Amino acid sequence: MRRLPALIAMTSIALFSGCAMDKMRTKETVLEETLLTYAATIRWGDMTQAQVYVDPKYRAAHPLSELDLARYKQVQVTAYNDQPAAPVSDTEVHQTVEIGLVNINTQTARSVIDRQVWKYDEAEKRWWLTTGLPNITRKD
């Protein structure tokens, strides 16, 4: 009979410490997953889907025009070379990415540098890209 309270206590401690460990890892795990899925989305050239990662405040202030979407449709992404994300604070990381592009009409290859700023939203428990989608019209 004495074993049952001890077993319950041990199980509770293990359960609560496991929850605490999950909360400590969650932000980093979510960042890693976000960066990987965003990179895959860009590699596939799906800029409409990539907008899901952009901070809603930024999207509202800088909506994608039909011209922007047409420009994205004119290129094919050939490379996404990302540097490791550099933490600036507990809720902000910077990442530099070189994106290789080929114009599907002219077959001209070039690359752009995308300097990304990601911020963590405590309420949503997710990371938002606060710098918008890559500017493919810029000459780097």
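The values are calculated or read from the model by the stated rules, or taken from the named source; none is laboratory data. Just so we're clear, the structure is a prediction, and the values are computed from it rather than from any experiment. Don't worry about glycine lacking a Cβ; one is built from the backbone with ideal geometry, like all the others, and counts go over all protein chains shown.
Overview of values
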| item | result |
| --- | --- |
| Among (1) surrounded by 14 or more Cβ atoms within 10 Å (Cβ to Cβ); (2) in contact with a Ser or Thr (Cβ under 8 Å, 6 or more places away or on another chain); (3) not aliphatic (A, V, I, L, M) - the single one Q83 does not satisfy | (1) |
| Subset of segment 47-66 [touching a helix residue (DSSP H, G or I) at 6+ places or on another chain (Cβ under 9 Å) and of a type in the set (D, E)] | none |
| Pair list, Cβ < 7 Å and 6+ apart or interchain, from segment 104-120 residues that are farther than 12 Å from T78 by Cα to residues that are among the small types (G, A, S) and in a strand (DSSP E or B) | none |
| Selection count where residues are modelled with pLDDT under 95 and hydroxyl-bearing (S, T, Y), scope segment 51-71 | 1 |
| Where T48 falls short, out of the listed (1) at pLDDT 95 or above; (2) surrounded by fewer than 14 Cβ atoms within 10 Å (Cβ to Cβ) | (1) |
| Among the candidates A20, A86, A14, A9, residue that is modelled with pLDDT of 95 or more and small (G, A, S) | A86 |
| All positions within segment 95-110 that are surrounded by 13 or more Cβ atoms within 10 Å (Cβ to Cβ) and either under 18 Å from D46 (Cα atoms) or of a type in the set (S, T, N, Q) (or both) | Q95, T96, V97, E98, I99, G100, L101, V102, N103 |
